[in-house]
Amino acid sequence: MTIDPKSLKLFVQVMHEGTISAVAEREHIAAAAVSRRITDLESALGVALVKRSNRGLQPTDAGQMLVSRSHRVLNELESLQMQMHDYRSGARGYVRIHANMSAINEFLPSELKIWLASNPAIRIDLTQALSSEVSQAIADNAADIGLLVVDEPLEGVEYLPYRSDQLVIITPTEHPLAGHTRITFADTLPYMYIGLPQGSQLNLQLTRAAMATGQRWQIRFLVQNYGAQTLMVEAGLGIGLLPRRIAEAHAKALRLHIIELDEAWAERQMHICIRSYDSLSISARSLVDQMVGNFQTTI
């Protein structure tokens, strides 16, 4: 049994009007076509829905029940159509974002606040991941948009410039390095570090930079986030490497000293990672447009 929504809607209208001709005129279709749709609806349901009287067309008992139940069905169908239109137009949607820890701590809060103010019905699914995991999630279609520091680009994935940040050293205020405002990385290697999660881009960068000097960087602890790192540093358990914006935010509440790092690699470029612009939903495309636009206004 198949019920055509258009036939159902015409049937309800005819039952309210009492005549086929009035509905046909309002809907700009032939009266015979309206009549045929009602006949087809009766055939599909296997029951008579209409009876004729001197007062025009009247519903049978089955027809009356169908009229009363149809209002809710038709309203739900109309609501569904409107919602689907919102998804097609981008007014509603679902955007999956994978981002590294730096992007989430530095840029995404203000970025999403601005974008969601104009797109309040869009649902954001945000996952923190290592930069290497972000690229793979995009390649595997497990995410729509990625934010990361590119290490080894993956084939079939597009990378767009986003924001830049500057890496700095933080120490306790009483640390031997606390008298410096700018140092080289080699100057820090005699001291213990508080590192970030295994496989993080910052840890990889420190390992490579140490190897370039022929030395090793010493790790006392690995912690999962910048908050834990800064607390460990304040407690005098080691020094840390992290983005300047994050260091300055934590230094307002903690006894930390910030030192500029005199290394070319201390200036980092963040990238947006997507499979392709054409593959994005309207909602995801809108967010990427904002992110790219924000990058362009800073250069």
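Output the number of residues of segment 210-250 satisfying the condition of being of a type outside the set (S, T, N, Q), under 28 Å from the mean Cα position of the chain (by Cα) and either at pLDDT below 95 or assigned to a helix (DSSP H, G or I) (or both).
Residues flagged as of a type outside the set (S, T, N, Q), under 28 Å from the mean Cα position of the chain (by Cα) and either at pLDDT below 95 or assigned to a helix (DSSP H, G or I) (or both) within segment 210-250 amount to 10.
So how many residues does segment 127-157 have that are among the aliphatic types (A, V, I, L, M), out of contact with any His (no Cβ under 8 Å at 6 or more places or on another chain) and either under 22 Å from residue 230 (Cβ atoms) or free of Cβ contacts under 8 Å to residues at least 40 places away in the same chain (or both)? Write out each step before concluding.
To start, the set of residues in segment 127-157 that are among the aliphatic types (A, V, I, L, M) comprises 129-130, 134, 137-139, 142-143, 145, 147-150, 154, 157.
Narrowing the set further to residues that are out of contact with any His (no Cβ under 8 Å at 6 or more places or on another chain) leaves 130, 139, 154, 157.
When the remaining residues are screened for being either under 22 Å from residue 230 (Cβ atoms) or free of Cβ contacts under 8 Å to residues at least 40 places away in the same chain (or both), the result is 130, 154.
Going through segment 127-157 one residue at a time, the tally reaches 2.
Return the only residue of 251, 228, 212, 235 being of a type in the set (Gly, Ala, Ser) and buried (at least 16 other Cβ atoms within 10 Å of the Cβ).
Values: 228 fails: buried (at least 16 other Cβ atoms within 10 Å of the Cβ); 212 fails: buried (at least 16 other Cβ atoms within 10 Å of the Cβ); 235 fails: buried (at least 16 other Cβ atoms within 10 Å of the Cβ).
Result of the check over 251, 228, 212, 235: 251.
Within segment 130-163, restricting attention to residues that are under 14 Å from the mean Cα position of the chain (by Cα) and of a type in the set (A, V, I, L, M), which residue is surrounded by the fewest Cβ atoms within 10 Å (Cβ to Cβ)? Walk me through how you get there before you give the answer.
Kept after step one, since they are under 14 Å from the mean Cα position of the chain (by Cα), are these residues of segment 130-163: 134, 137-138, 141-147.
Remaining after also requiring of a type in the set (A, V, I, L, M): 134, 137-138, 142-143, 145, 147.
Working: 134: 29, 137: 22, 138: 25, 142: 15, 143: 27, 145: 25, 147: 27.
In this case the residue turns out to be 142.
Would you pick out the residues in segment 253-280 that are in a strand (DSSP E or B) and closer than 30 Å to residue 235 by Cβ? I'd like the intermediate steps shown before the answer.
Restricting attention to segment 253-280, the residues satisfying the condition of being in a strand (DSSP E or B) are 256-261, 267-274.
The answer is 256, 257, 258, 259, 260, 261, 267, 268, 270.
Go over the candidates 160, 167, 177 one by one and state the one that is over 24 Å from residue 100 (Cα atoms) and touching a residue at least 60 places away in the same chain (Cβ under 8 Å). Talk me through it step by step, then tell me what you get.
Values: 160 fails: over 24 Å from residue 100 (Cα atoms); 167 fails: over 24 Å from residue 100 (Cα atoms).
177 is the lone residue from the list that is over 24 Å from residue 100 (Cα atoms) and touching a residue at least 60 places away in the same chain (Cβ under 8 Å).
Being on the phi > 0 side of the Ramachandran plot and in contact (Cβ under 8 Å) with a residue 12 or more places away in the chain is the filter here, so list the residues in segment 5-43 that pass it.
Start the filter on segment 5-43 by keeping residues that are on the phi > 0 side of the Ramachandran plot, which leaves 18, 28.
Once the filter is applied, which keeps residues that are on the phi > 0 side of the Ramachandran plot and in contact (Cβ under 8 Å) with a residue 12 or more places away in the chain, segment 5-43 yields only 18.
The values are calculated or read from the model by the stated rules, or taken from the named source; none is laboratory data. Note that the coordinates shown come from a computational prediction; the quantities given were computed from them, not determined experimentally. We place every Cβ from the backbone using ideal geometry, glycine too, and count neighbours over all the protein chains shown.
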